[in-house]
Amino acid sequence: MLRLVCEGVDQTNLQSRIAVLDVNSANHDFGIATGHAIPPERPCAVRDFEGRKRSVNIIKLADNYEIGEKSDWAIIRFDKITTPKLVRYKLEPLEDIFPLEQQKFSFARARGLPENSQLCTLTVLDFSNGRNRVTHDCRAVPGQSGSPITRVIDGEHKLVGLHIGQLWMFQAPDTGRPDRRGYINLLDRGTISEIQQIISQNQD
């Protein structure tokens with residue numbers, strides 16, 4: 001996991017997380033981030049947790065991008081990172097992991113740490129307005145947008161979704177009490193197909 005830092009003219013930086021995807025590309029790495037963490041007017045760079053920096057040279061937002069919704073993601077490209085410690089994730093479609101409540105997923109513990117060391121349970125919450133959200137019960141802090149929700153299956157690191165933000169509820173659908181949950185975007189087969197098409201069009 002890496003940090004994405006987008007610099008502003010007022011000397012303020014917008015920081016988020018990205019997951020590096022397992023792509024067979026000779027000169028570049030591809031990461032997936034939340035779209036709302038990549039403002040078009042700011043130059044962005046990828047930083048590892050040892051301070052090394054690589055400029056982002058391609059940014060592709062999802063089709064019909066909308067902040068906070070299913071299409072709130074973007075693919076970024078940057079010069080390949082050669083460190084052997086970097087985890088690259090394979091994409092796992094939503095359709096392969098139900099029932100969600102019977103699985104355990106991993107999530108980053110805090111903004112300053114690269115490892116996914118929290119264990120989360122995912123829950124689908126249905127609201128009275130007909131909408132639903134997939135939420136997680138791990139602790140998240142500001143700046144963790146884009147943090148990957150992952151699991152390891154047969155030794156392979158699988159990316160199942162991205163942390164988008166926090167839901168504040170006066171009355172949670174499952175408990176009827178005030179609650180705060182992280183909510184995520186899960187990657188279904190259609191989204192994964194769109195991601196793979198973007199990468200194919202921008203490989204070496």
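Only the coordinates and a few stated rules stand behind these numbers; no lab work does. Being a predicted model, the structure only gives us computed values, none of them experimental. For neighbour counting, all protein chains shown are included, and Cβ atoms are generated from backbone atoms with ideal geometry for every residue, glycine included.
Overview of results
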| read-out | value |
| --- | --- |
| Using θ = phi - 60° and Karplus 6.51 cos²θ - 1.76 cosθ + 1.60, couplings along segment 80-85 (whole Hz; Gly, Pro as x) | 4, 9, 9, 4, x, 7 |
| Hz values of 3J(HN,Hα) by residue in segment 174-187 - Karplus curve (6.51, -1.76, 1.60), Gly and Pro given as x | 8, 10, x, 10, x, 7, 10, 9, x, 10, 9, 9, 8, 8 |
| FRET E, pair residue 180, residue 57, Förster distance 45 Å, beta-carbon r, rounded to 0.05 | 0.75 |
| Cut-off under 5 Å, modelled amide H: who pairs with residue 149 long-range | 160, 161, 162, 163 |
| Candidate lysines for bridging to residue 158, where Cα separation is under 17 Å - those fewer than 8 sequence places away on the same chain excluded | 85, 90, 104 |
| Distance in nm between pseudo-label sites at residue 79 and residue 131 (7 Å out along the Cβ direction from Cα) | 4.2 nm |
| Trypsin sites (Lys or Arg not before Pro) restricted to segment 112-204 and DSSP loop, no more than 13 other C-beta within 10 Å | 131 |
| Long-range HN-HN contacts of residue 172 with modeled amide H, under 5 Å | 177, 179 |
| Between 0 and 90°, nearest 10: helix 189-201 axis offset from the chain longest Cα axis | 10 degrees |
| Residue 81 long-range amide H proximity, modeled H, under 5 Å | 29 |
| Cα principal axis extents for the chain, largest first, Å | 50, 44, 32 |
| Where labels lie 7 Å past Cα in the beta-carbon direction, separation of residue 141 and residue 27 in nm | 3.8 nm |
| Whether segment 90-188 is rounded, prolate or oblate, judged on the alpha carbon gyration tensor where a/c under 1.5 counts as rounded | oblate |
